[in-house]
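Worksheet: the structure to be examined is printed underneath.
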Amino acid sequence: VVNVVREQTAAFQRVVAVVFPHSFQVSRLHYDLHRRWRIDVSDAFLAAREPQERLLRYYRARGVAVLDLLPAFEAAHEPPFWEEDEHLNHAGNALAGREIARLLLASGVAARLVQATLAEEPVSHAAR
């Protein structure tokens with residue numbers, strides 16, 4: 001990760017790290033599922049902040065902008081994960097997209113991306 005950050009920074013591109021929470025940190029929805037799989041889970045996982053805190057410290061110490069999605073996921077009105085799967089569902093993907101877009105807009109990255117895209121030459125397609 002650090003090498004990618006260095007390469008992108010050298011190329012004058014901005015890197016933003018996004019930290020996604022584990023489903024255990026958001027709700028008990030998957031606790032029974034994992035217990036059926038014989039994976040030990042604890043209610044203490046719901047209060048776990050250590051993974052985010054470590055990643056936030058890591059990225060910030062290296063000057064990398066970082067977005068922690070845990071607060072947004074905790075405040076979500078709809079479950080962000082599928083019931084029988086730990087992947088994000090449609091609501092979770094939409095929520096993550098909105099939060100990332102807010103960060104990009106607030107930091108000015110979105111405007112630079114649009115400008116760079118508009119400045120690119122159109123791709124010509126060979127005739128078939």
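A few comments on the model shown:
- Sequence-ordered 3J(HN,Hα) estimates for segment 102-112 from the Karplus curve with 6.51, -1.76 and 1.60 and θ = phi - 60° stand at 4, 4, 5, 5, 5, 8, x, 5, 4, 5, 5 Hz, glycine and proline given as x.
- The slack between residue 94 and residue 60, meaning 0.36 nm per residue of separation minus the straight C-alpha distance, is 9.7 nm.
- Segment residue 3-residue 85, length gained on full extension (0.36 nm per residue, minus Cα span): 26.3 nm
- Anisotropy class of segment 29-103 from Cα gyration tensor, a/c 1.5 cut: oblate
Values in this text are rule-based calculations from the coordinates and carry no lab data. Keep in mind that this is a model prediction, so the values were computed, not measured.
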